[in-house]
Amino acid sequence: MITNWKIKAPRAPFYAVIFISKKSNDLEGYEEMDARMMELAQQQEGYLGYSSVSKPEGGIFISYWKDEQSIQNWRVNPEHASAKAKAKQWYHYYHSMISKVESSHILDKLLK
């Protein structure tokens, strides 16, 4: 599992967009678009960070956001909308959920 915070782990409440997927065999253009979406998401107002578990066949990606408006702004971003239009090509299955994080606790023995 990889977790990457934009600045530092936020204090609750905040929001999580959970994306679970199984990739298809037709991944033409996927890697480039995935890299661009990561770059673009990190520039969005209200973006806090992400957690990810990935295998070649799919994975779980969770992005963290300050509030619902930040998620809505990302949802309607034209480049993001273009990427979402490719979902039927790139995925056999996906499930996207939005959750409010009411409480958050972190143990990180790697922090000094």
Check: Considering only the other residues whose Cβ falls under 11 Å of the Cβ of ASP67, what net charge follows from Lys and Arg at +1 and Asp and Glu at -1?
Finding: 0
Notebook entry, point to check: Where the only charges are on Cβ atoms (+1 Lys, Arg; -1 Asp, Glu), what is the dipole of the chain about its Cα centre, to the nearest 20 debye?
Noted result: 340
Next item on the list: With a point put 7 Å past each Cα toward its Cβ, work out how far ASP34 is from LYS8 in nm, to one decimal.
Entry: 3.2
Next item on the list: Could you check how many percent of all C-alpha pairs in the chain are farther apart than 23 Å?
Entry: 29
Next item on the list: Sum up the charges of everything whose Cβ sits under 14 Å from the Cβ of ASN4, counting Lys and Arg as +1 and Asp and Glu as -1, but leave ASN4 out.
Entry: 0
Check: Which of the pairs LYS86/LYS109; LYS55/LYS100; LYS8/LYS88; LYS8/LYS86 have their Cα atoms more than 29 Å apart in this structure?
Finding: LYS86/LYS109; LYS8/LYS88; LYS8/LYS86
Check: Relative contact order, percent, of the chain when contacts are C-alpha pairs under 8 Å separated by at least 6 residues?
Finding: 43
Check: So how much slack lies between ASP26 and HIS105, counting 0.36 nm per residue of separation and subtracting their Cα-Cα distance, in nm?
Finding: 24.6 nm
Item checked: Within the chain, helix-based [θ] at 222 nm, where runs of 4 or more DSSP H residues each add -39,500 (n - 2.57), nearest 500 -> -7500 deg cm²/dmol
Notebook entry, point to check: Of VAL76, ILE18, SER103, whose Cα points farthest to the positive end of the dipole of the chain (charges on the beta-carbon: +1 Lys, Arg; -1 Asp, Glu; origin at the Cα centre)?
Noted result: SER103
Check: What list do you get for SER99, SER52 if you sort them by fewest beta carbons within 10 Å?
Finding: SER99, SER52
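Bear in mind that the values in this text are calculations on the coordinates, not laboratory data. Computed from a prediction, not measured in an experiment: that's the story for all the values here. Cβ: placed from backbone, ideal geometry, glycine included. Neighbour counts: every protein chain shown.
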